[in-house]
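Chemist: Structure incoming, see below.
The values are calculated or read from the model by the stated rules, or taken from the named source; none is laboratory data. Given the structure is predicted, the values throughout are model-derived calculations rather than measurements. Here Cβ is always computed from backbone atoms with ideal geometry, including for glycine, and neighbour counts include all displayed protein chains. The area values use the complete protein model at the heavy-atom level, side chains included, leaving out ligands, DNA and RNA. Shrake-Rupley method; radii C 1.70, N 1.55, O 1.52, S 1.80 Å.
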Amino acid sequence: MVERRDDDESRDVARPEVSGRPPLLSHDELVRAQAETLDTPRREYGLLARVLFTTLDTLYGKKRTLSKFKVLELVARVPYQTWEQVAYIAITHMHGRRGLARRIYDRVRESREQQDNEQWHLLILEERIANSGKHENRIYYFWIPQAIALVYYHISWLLFVLRPDWSYRLNADFEDHAEHEYMYLVTEHPEWETTPFDSDFAADYGSFASVADLFRQIGHDERFHKEGSIAALASPRFS
């Protein structure tokens, strides 16, 4: 007779591979992904998301520019940082329950990969802006975004502590907005279809035949993050 052990005490339970890293798509897949996004209505954004988007439009205008997307990416990393830090705190209180601690660690790893993905977006945008020779006002494009990110961090943290689904829902709204904005950005720059993508970060993020495909991939990354947050809405915290 085999003794059945509780999942939290078992070391041998098979676990699905956890990854917050979006897949790299081919050119044809990216074109289809863009068409799917443009044909899909935006989510019904909550109040906090609408306030954030209105704030960004007021400060940086409604026109889609790389500098505005850089601000968007500065803010985009925040929820994943929040979830990662809260998960680490949870691990310190639950380390004696190995199964649960392992599941929490999987959440940490997923949040870290999502955060890193957003970081690559930011670095690539900064590189392209620098190569364009555009001068950015440091107050508008460094200090104000840092302040917005700080406020967003505390909001995300508070929502996650009170009710994790509130934080996931806000992030799903944010990522849905970013997904649509990137795909629309590509339509506004037909010249990117024949502009080769050259970057110091290509080996880390991915190589693409054109700048258009680069931004389609970033848009699809945001969809991947959005779908992750939507999936998390259906599961309890650290389940």
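Chemist: Multiply the residue separation of residue 203 and residue 44 by 0.36 nm, subtract the distance between their alpha-carbon atoms, and state the gained length in nm to one decimal.
Modeler: So the chain would gain 53.6 nm between residue 203 and residue 44.
Chemist: Kindly rank 146-155, 210-219 from highest to lowest mean number of other beta carbons found within 10 Å of each residue.
Modeler: 210-219, 146-155
Chemist: Still on this structure, please answer the following. Mind ranking 123-130, 177-184, 41-48 by how tightly packed they are, going by the mean number of other C-beta atoms within 10 angstrom, highest first?
Modeler: The densest-packed peptide leads the list: 177-184, 123-130, 41-48.
Chemist: Round to a whole angstrom and tell me the spacing of the C-alpha centers of the stretch 47-74 and the stretch 172-239.
Modeler: Here the two parts' Cα centres lie 16 Å apart.
Chemist: Students sometimes get this wrong: rank 68, 62 by accessible area, probe 1.4 Å, all chains present, largest first.
Modeler: Accessible-area ranking of 68, 62, largest first: 62, 68.
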